[in-house]
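Visitor: First the structure, then my questions, so here it is.
The values are calculated or read from the model by the stated rules, or taken from the named source; none is laboratory data. Since this is a predicted model, take the numbers as computed values, not measurements. Every residue, glycine as well, gets a Cβ built from its backbone with ideal geometry; the counts of neighbours run over all protein chains shown. What goes into the accessible areas is simple: the full protein's heavy atoms, side chains included, and nothing from ligands, DNA or RNA. Shrake-Rupley method; radii C 1.70, N 1.55, O 1.52, S 1.80 Å.
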Amino acid sequence: MAGDRPVGARYLEIEWWLRERTRTGTPGALLPSESELAAQFHVSRMTARQAVQNLAQEGLVERRRGSGTYIAERPFHRHEGVFLSFTEDMRRRGMKASSELVEAAMRQASAADIEALRLGDDPRVVSIHRIRIADGTPLSIERAVLPASCAAVLSCDLESGSLHEALTAIGRIPTLAQSWISARMPTAEERKRLNVTSQREPLLVDRRVVLDQDGAPIEHTESAYLASRYVVDVTFRSPDPEHTARQP
């Protein structure tokens with residue numbers, strides 16, 4: 001709880017002080033250096049470094065080599081039960097969404113694509129690989145796969161425009177999404193794409209299948225977000241005690 005000063009190891013006191021700075025400060029603001037923290041709290045520089053490293057691992061501060069330690073940008077929160085495209089999500093936050101288009105082409109469907117999109121006689125798919133960007137900051141790496149019947153979207157603006165708006169324009173309205181969330185470490189290429197230097201920064205991976213207004217699958221997508229930049233809020237409820245008690 002904010003305001004409760006910890007008792008114990010000295011680095012915990014420095015952590016508490018830094019947490020207050022990150023909670024009340026402005027993202028991007030410079031924080032005291034390790035040597036300044038060591039002098040302020042009368043500890044060794046190694047003790048100060050441990051406190052800073054702990055906050056860096058939580059994504060609360062960002063360490064820039066040769067520059068200093070800064071308050072990290074606050075992560076985006078996505079609430080359960082709300083289905084928005086990336087463009088609409090950013091628009092509602094008052095931010096400008098854009099994309100760096102890595103690839104957009106037809107290709108043969110994989111076994112996973114065939115199963116997710118319930119493909120029949122035509123094993124081809126539309127493959128769209130983009131870096132999704134919010135106000136100039138790379139937020140996720142997105143790989144979207146569509147059935148060949150949606151090939152018309154390849155002629156649309158997939159960098160400044162919305163894929164879901166393009167699908168709607170051809171009569172396939174994204175209506176319902178089923179999503180599976182997991183985590184993994186990024187590859188060297190993914191770290192480069194997302195402008196991340198730390199090799200310990202995990203990815204939050206959202207795999208989803210999107211259905212159109214008729215219940216037909218139109219999109220099989222993997223979106224990999226930096227865990228420090230994106231949070232999914234979920235509410236869990238305990239089961240009915242009486243129902244649980246009746247279970248064999």
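Visitor: Kindly check whether there is at least one residue in the stretch 118-126 that is open to solvent by 50 Å² or more (accessible area, probe 1.4 Å), closer than 18 Å to Glu222 by Cα and not in a strand (DSSP E or B).
Guide: yes
Visitor: For the stretch 51-62, check the following and say yes or no: at least one residue is small (Gly, Ala, Ser), in contact with a strand residue (DSSP E or B) (Cβ under 9 Å, 6 or more places away or on another chain) and on the phi < 0 side of the Ramachandran plot.
Guide: Checked the stretch 51-62: at least one residue is small (Gly, Ala, Ser), in contact with a strand residue (DSSP E or B) (Cβ under 9 Å, 6 or more places away or on another chain) and on the phi < 0 side of the Ramachandran plot.
Visitor: From the list Arg200, Arg193, which one is in contact (Cβ under 8 Å) with a residue 60 or more places away in the chain and open to solvent by 80 Å² or more (accessible area, probe 1.4 Å)?
Guide: Matching residue, one of Arg200, Arg193: Arg200.
Visitor: For the stretch 105-120, state whether one or more residues are in contact with a helix residue (DSSP H, G or I) (Cβ under 8 Å, 6 or more places away or on another chain), in contact (Cβ under 8 Å) with a residue 40 or more places away in the chain and of a type outside the set (Val, Ile, Thr).
Guide: Looking for residues that are in contact with a helix residue (DSSP H, G or I) (Cβ under 8 Å, 6 or more places away or on another chain), in contact (Cβ under 8 Å) with a residue 40 or more places away in the chain and of a type outside the set (Val, Ile, Thr), one finds at least one in the stretch 105-120, hence yes.
Visitor: Right, next: Restrict the check to the stretch 83-99 and report whether at least one residue is in a loop (DSSP other than H, G, I, E, B) and either of a type in the set (Lys, Arg) or modelled with pLDDT of 85 or more (or both).
Guide: yes
Visitor: Could you check His42 against (1) within 22 Å of Arg200 (Cα to Cα); (2) more than 32 Å from the chain's Cα centre (by Cα) and say which number it fails?
Guide: (1)
Visitor: So which residues in the stretch 152-176 are of a type in the set (A, V, I, L, M), surrounded by fewer than 15 Cβ atoms within 10 Å (Cβ to Cβ) and touching a strand residue (DSSP E or B) at 6+ places or on another chain (Cβ under 6 Å), if there are any at all?
Guide: Leu176
Visitor: Out of Arg74, Arg130, Arg143, I need the residue that is open to solvent by 80 Å² or more (accessible area, probe 1.4 Å), at pLDDT 95 or above and under 24 Å from Met185 (Cα atoms). Which one?
Guide: Arg143
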